[in-house]
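Accompanying notes for the structure given below.
The values are calculated or read from the model by the stated rules, or taken from the named source; none is laboratory data. On a predicted model such as this, the values are computed, not experimentally measured, just so you know. Please note: Cβ atoms are built from the backbone with ideal geometry, for glycine as well, and neighbour counts cover all protein chains shown.
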Amino acid sequence: MPRESISRAQTKQLLEHAIASSSKMTAKRLAEILGVPEARISEGRRAEWSLTEDQADNLINTYGQPRNAPGRFIKAEQWDSIKMFIESEPGRAKMQHLEKLIRHTTSSKCQKLLASMGCMDGDSERQGDVLLRLESFLSSAEFKRWLIGAHNKVKAWRESGVSPKDIYLGLTSTTYFNIDDMPLICASVKNIELRSDKGLTRLAREGGLDIYKISVVDLFQLGMLYTALLELPNRIGSIFSLTQKVEFPSVEIKEFVMTGDIVWECEGSFRHKEEDRRAFNGLLAPELITELLKSIPLYPDPGRQPISGEPSLNEDGWMGFGITLFINSNSDYSLVIEFGENSETDLPTRTIVIPKIHGLRVFDQIQSLVKWFNIEAPPELEVKKQIALRGGYIPGAIVL
């Protein structure tokens, strides 16, 4: 079975190295060694033809591995354009967060805690029976009404400027008072005149569950997870015992050596409201992550244990970023974008690379970044000066 071809850039490098190895080496002689027409050597040196992996191995074994230009080594995701990254990011973020929640919810530690909701009066009960009752409760019409109503209340409270702590307390009230009265519940005052005979807490107790044993934020997140899982194709088993691994699309991490010259660098923090504490506000908004989970820290009441223990089960978000634009030897450009959870750290938590940007489109890409990151545009004159110093192409400029 024939092996795949290597890149044209690698082919050019290997052929140039082989020919430079001896004053007696010619294109004709090299073509005979490789078993190809002589014209292929000229095409390869112009980066218009590619060696097979076997031919490349033959040259490396005979003439050695040519040295690359010095550069910066990074491991990163590869994307073809900024547009592709932006368009695919919401779906990727949703699936990654869903995978994280499934892994946590199916863990023995989490299931043991959830099963504690079935110990109504100190009686022990088989864990599996409690979890089945819990899943039945999550699928009930009453719980679905509460989930939708709670989301709407949180959204309205946030728009009204209610503090995260008062939103949490108000959300807790929605589990106590009747679901039909949820529009009347206030976040920062006692709702003593409202009824509680058909509240979510009482309905749960009638089903043999004590939802007060976990945080209301975790209960909300559990409901959102259950709703999202219902939409997955070919789901087998319950939410707490998936008998078939759910497959999620993954992004391949590749290794790069950036050998170009830097013509633009930018770093900073995302511009978003302080209470959000989330990067890409409005961009990363998968349905699984509600306004609630973006902004509310856990305020466990006495007797309520948070399932997650920390907000790490929330969606991925970044506080800081770094952008580096390289001009390469062929006058194309490469872009590196690094994200960090802390704007003051030097260690990126995620890195993406766009390996090839045509010289004619580089300023369009810069403008896309400026708009996406909501940052000040770089001084165009300074960027053009840096490009000119390194022999790059500037659209519209007259070269004398």
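Looking at 140, 81, 136 in this structure, which one is surrounded by fewer than 19 Cβ atoms within 10 Å (Cβ to Cβ), polar (S, T, N, Q) and assigned by TED's automatic domain parsing to the domain that holds residue 352? I'd like the intermediate steps shown before the answer.
On the way: 140 fails: assigned by TED's automatic domain parsing to the domain that holds residue 352; 136 fails: assigned by TED's automatic domain parsing to the domain that holds residue 352.
Just one listed residue meets the conditions, 81.
The single condition among (1) in contact with a helix residue (DSSP H, G or I) (Cβ under 9 Å, 6 or more places away or on another chain); (2) under 30 Å from residue 323 (Cα atoms); (3) outside any helix (DSSP H, G or I) that residue 76 does not meet is (1).
Scanning segment 29-78 for residues that are basic (Lys, Arg) and within 25 Å of residue 259 (Cβ to Cβ), which turns out surrounded by the most Cβ atoms within 10 Å (Cβ to Cβ)? Within segment 29-78, the match that is surrounded by the most Cβ atoms within 10 Å (Cβ to Cβ) is 45. The number of residues in segment 64-82 being over 15 Å from the mean Cα position of the chain (by Cα) and farther than 30 Å from residue 21 by Cβ comes to 4. Restricting attention to segment 188-221, the residues that are buried (at least 16 other Cβ atoms within 10 Å of the Cβ), aliphatic (A, V, I, L, M) and modelled with pLDDT under 80 add up to 3. When only residues in segment 311-328 that are of a type in the set (Val, Ile, Thr) and within 15 Å of residue 368 (Cα to Cα) count, which is modelled with the highest pLDDT? Going through the qualifying residues, I end up with 324.
Set side by side, the residues 150, 156 differ, and just one is touching a residue at least 40 places away in the same chain (Cβ under 8 Å) and assigned by TED's automatic domain parsing to the domain that holds residue 198, which is 150. For residue 263, all conditions in the list (1) modelled with pLDDT of 75 or more; (2) touching a Ser or Thr at 6+ places or on another chain (Cβ under 8 Å) hold save one; what is the number of the exception? The single condition residue 263 does not satisfy is (2). Within segment 344-373, if we keep just the residues that are outside any helix (DSSP H, G or I), buried (at least 18 other Cβ atoms within 10 Å of the Cβ) and not β-branched (Val, Ile, Thr), the residue that is modelled with the highest pLDDT turns out to be 355. The set of residues in segment 28-45 being closer than 17 Å to residue 60 by Cβ, part of a helix (DSSP H, G or I) and hydrophobic (A, V, I, L, M, F, W, C) consists of 30, 33, 34, 41.
Considering (1) at pLDDT 85 or above; (2) on the phi > 0 side of the Ramachandran plot, the lone condition that residue 122 does not fulfil carries the number (1). Looking only at segment 374-393, residues that are within 16 Å of residue 326 (Cβ to Cβ) and part of a loop (DSSP other than H, G, I, E, B) come to 5 in all. When each of 179, 167 is tested for being free of Cβ contacts under 8 Å to residues at least 60 places away in the same chain and over 14 Å from residue 223 (Cα atoms), the lone residue that passes is 179.
Within segment 102-117, residues that are touching a residue at least 40 places away in the same chain (Cβ under 8 Å) and farther than 14 Å from residue 128 by Cα reach no partner that is assigned to a helix (DSSP H, G or I) and of a type in the set (Gly, Ala, Ser) with beta carbons closer than 6 Å at six or more positions or on different chains.
Just to check your reading of the model, which residue among 383, 362 is farther than 18 Å from residue 267 by Cα and in contact with a Phe, Trp or Tyr (Cβ under 6 Å, 6 or more places away or on another chain)? Explain how you work it out, then say what you get.
On the way: 383 fails: farther than 18 Å from residue 267 by Cα.
After ruling out the rest, the residue left standing is 362.
Within segment 1-27, the set of residues being of a type in the set (S, T, N, Q) and not in a strand (DSSP E or B) comprises 7, 10, 11, 13, 21, 22, 23, 26.
In segment 332-343, of all residues being assigned to a loop (DSSP other than H, G, I, E, B) and out of contact with any helix residue (DSSP H, G or I) (no Cβ under 7 Å at 6 or more places or on another chain), the one that is modelled with the highest pLDDT corresponds to 341. Is it the case that some residue within segment 84-100 is farther than 30 Å from residue 223 by Cα and in a helix (DSSP H, G or I)? Within segment 84-100, one or more residues are farther than 30 Å from residue 223 by Cα and in a helix (DSSP H, G or I).
Of all residues in segment 141-179, those satisfying the criterion of being of a type in the set (Gly, Ala, Ser) and out of contact with any helix residue (DSSP H, G or I) (no Cβ under 8 Å at 6 or more places or on another chain) are 141, 156, 160, 161, 163, 173. Can you spot a residue in segment 10-19 that is surrounded by fewer than 12 Cβ atoms within 10 Å (Cβ to Cβ), out of contact with any Cys (no Cβ under 6 Å at 6 or more places or on another chain) and either free of Cβ contacts under 8 Å to residues at least 60 places away in the same chain or more than 20 Å from residue 355 (Cβ to Cβ) (or both)? Taking every residue of segment 10-19 in turn, none turns out to be surrounded by fewer than 12 Cβ atoms within 10 Å (Cβ to Cβ), out of contact with any Cys (no Cβ under 6 Å at 6 or more places or on another chain) and either free of Cβ contacts under 8 Å to residues at least 60 places away in the same chain or more than 20 Å from residue 355 (Cβ to Cβ) (or both).
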